[in-house]
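S.K.: Handing you a structure now.
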Amino acid sequence: RQQKEAKRQQEEAKRQAKRQQRVRWSAAMVSVIFVAAAIIWFVTRDVYSGEEKKVHGRTFRHGKGKLTLFYEGVYEGQFNMGLKHGYGQFTFKNGDIYSGHWYQNQPNGVGTLFKQNGDSFSTSSSYADGTLFVEMTDKLTGEVYAGAVVDWKRHGTGKMTQYSGVWNGWHSNGDWFEGEWARDAFLEGKGRQTSKDGSVYEGEFGDGLRRGQGVMKYSNGDRYEGDFRMGRKEGKGKYVWANGDWFEGEW
């Protein structure tokens with residue numbers, strides 16, 4: 001009986017030692033996680049230097065200052081009660097720079113956008129229902145885009161007017177393009193393209209080219225309705241000449 005009791009006590013002592021070891025390991029893991037979280041917070045935290053204002057015991061960024069946002073970029077300019085408000089410049093992580101007016105943390109009013117590739121645009125922006133709407137004019141080519149943007153990339157519904165030059169083989173003297181955009185990818189979805197010579201295409205686009213179903217009305221009175229590929233008639237379609245003759249079939 002004494003031997004059994006001694007053996008039981010030994011086994012209980014082993015179990016107790018294992019429980020204590022698990023507790024120590026758990027405490028160590030909690031400490032490691034806490035330290036790692038503290039380091040991540042310290043490295044990625046927003047950093048502000050500038051004027052402040054205290055209201056009811058709370059401190060707000062107010063006046064002129066500089067705010068570094070780890071994941072976004074750096075803003076230098078005016079603040080109002082903690083928000084970017086007034087005139088300021090934001091340098092994005094990718095090197096783009098917006099300099100202009102802000103209203104409650106959003107670009108609003110007149111400004112200038114400098115792209116990291118050297119392009120620059122004069123802008124007029126407004127913010128509504130969670131979407132930034134911008135009219136921006138390319139200072140070099142005169143192209144004007146008016147519509148929705150995300151991170152200053154054309155995204156959503158918008159219209160672009162081109163004044164001169166050639167775009168994907170299409171002579172764009174006064175042409176305009178209207179439809180859906182995706183992260184600056186030129187005209188995805190349905191849209192309308194009008195040439196200065198009077199020719200009009202209305203239908204689907206992809207990667208900046210006529211692609212899918214569409215209708216082309218030529219300035220001489222001809223009309224084509226059908227499939228397009230890579231900007232050209234290809235697939236099933238019907239062509240009607242101005243004199244009334246027509247052909248329907250494969251192109």
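The values are calculated or read from the model by the stated rules, or taken from the named source; none is laboratory data. Here the structure is a predicted model, which is why all the values come from computation and not from measurement. Reconstructed Cβ throughout: ideal geometry from the backbone, glycine too, with neighbour counts over all protein chains shown.
S.K.: Looking for whichever is aromatic (Phe, Trp, Tyr) and closer than 21 Å to THR161 by Cβ here; the options are PHE205, PHE228. Which one fits?
M.R.: When all the criteria are applied, what remains is PHE205.
S.K.: For segment 71-90, does any single residue satisfy the condition of being touching an Asp or Glu at 6+ places or on another chain (Cβ under 7 Å) and touching a residue at least 12 places away in the same chain (Cβ under 8 Å)?
M.R.: Yes; the residues of segment 71-90 include at least one that is touching an Asp or Glu at 6+ places or on another chain (Cβ under 7 Å) and touching a residue at least 12 places away in the same chain (Cβ under 8 Å).
S.K.: State yes or no: is GLY249 in a strand (DSSP E or B), surrounded by fewer than 17 Cβ atoms within 10 Å (Cβ to Cβ) and not β-branched (Val, Ile, Thr)?
M.R.: yes
S.K.: Turning to a different aspect of this structure: What do you reckon, is GLU51 modelled with pLDDT under 90, outside the structural domain of ALA146 (by TED's automatic domain parsing) and either among the acidic types (Asp, Glu) or in contact with a Gly (Cβ under 8 Å, 6 or more places away or on another chain) (or both)?
M.R.: In short, no.
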